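Presented below is the structure to which this report refers.
Values in this text are rule-based calculations from the coordinates and carry no lab data. Keep in mind it's a predicted model, so treat the numbers as computed, not measured. Note: ideal-geometry Cβ built from the backbone for every residue, glycine included; neighbour counts use all protein chains shown.
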Amino acid sequence: MPDQPPLLKCSALDIDIGSIIVTRGLEFTIEPGQCWCVLGRNGIGKTTLLHTLAGLRASAPESIELNATPLHQLSRREVARKLGIVLQHCEDNFPATVMETVLQGRHPHLHNWQWESGVDHAIATQAIEQLGLGGYEARNVQTLSGGERQRVSIATLLAQQTELMLLDEPTNHLDLHHRVQVLDTLVSHGRETNSAVLMALHDINLAARFADHVLLLLGNGESRLGRKEQILETATLERLYDHPLTRVETPLGPAWLPQ
């Protein structure tokens, strides 16, 4: 049986934001079951990288592939069946319930004008429960707190049932308990469904705890990537954030404290 192609493959990917060089010649693959974290200073281009990988921003032809198919050859519906993304900012311009919002994750799998089935409702209900939002199904999303709305966005992503999940600062607005709960849910879901997660984070220690691979954006197009044990080193992280750090050992692995 032939080997399964990577869920995502980048080849010589160049990304610029005006005069800012985000990546130069970036090459990496994301395999089923992996969890990747992108780390870097504010304004370094983490969001732009995720938008580019999701096809929301143009890239050179053949530089990004989903399941061995060039991204630019796929329709938006085809991309949405393979890849889902949670953006950093979400605005609710129209009133909708939590259930109606999470059901939007099922839309890439429906035909035009097709209504959601009982199966779609069951998938959405399970996603809502996974994010600890049981009982919120009829709540108007405009009445939710920032943290609750963030969890609704992630539940919508889970309901989409894609092989690759991209998340831009998924712990935004979340308290300590829900940060750990949400990341644990995402990683567990990826392993159970043989899907993969790529998320941009600010917190080194959350990345060290939950990721198995990391991608560091060092500036001026330079990057480092690989298994976290090889990449998360004190000297490299100090250069990444331009700040001295102290490494401490914990029962959950290494952590870094700012000096």
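With +1 on the Cβ of every Lys and Arg and -1 on the Cβ of every Asp and Glu, and nothing else charged, how large is the dipole of the chain about its Cα centre, in debye rounded to the nearest 20? It would help to have the intermediate numbers written out before the result.
On the way: 21 positive and 30 negative charges, 31 e Å.
Dipole about the Cα centre, nearest 20: 160 debye.
Where q = 0.13, 0.19 Å⁻¹, what log10 of I(q)/I(0) comes from the Debye formula for segment 1-153, counting one point per Cα? So the normalised log intensities are -0.77, -1.25. Taking Cα centre as origin and charging only the Cβ of basic (Lys, Arg, +1) and acidic (Asp, Glu, -1) residues, the dipole magnitude of segment 105-259 rounds to 20 debye. Only lysines eight or more places from K9 in sequence, or on another chain, were considered; those with a Cα closer than 18 Å are K46, K82. Estimated from the Cβ-Cβ distance and a Förster radius of 22 angstrom, the FRET efficiency linking R57 and S11 is about 0.85.
Roughly what % antiparallel, to the nearest 5, for the DSSP beta bridges in the chain? Of those bridges, close to 60 percent are antiparallel. Taken over the Cα atoms of segment 73-205, the convex hull encloses 122 Å³ per residue. Going by the alpha-carbon gyration tensor, a ≥ b ≥ c the square roots of its eigenvalues, is segment 133-259 rounded (a/c under 1.5) or, if a/c is not under 1.5, prolate (a/b greater than b/c) versus oblate? Taking the square roots of the gyration eigenvalues as a ≥ b ≥ c, segment 133-259 is prolate. Taking every C-alpha pair closer than 8 Å and separated by at least 6 residues, the mean separation divided by the residue count of the chain gives a relative contact order of 25 percent.
With q set to 0.16 Å⁻¹, the log10 of I(q)/I(0) for segment 186-244, from the Debye formula over equal scatterers at the Cα positions, is -0.54. Out of the DSSP beta bridges found with both residues in segment 101-238, what percent are antiparallel (nearest 5)? Beta bridges within segment 101-238, antiparallel portion: roughly 55 percent. Candidates V187, T101, A54 compared by Cα position along the dipole of the chain: farthest toward the positive end lies A54, with charges placed on Cβ.
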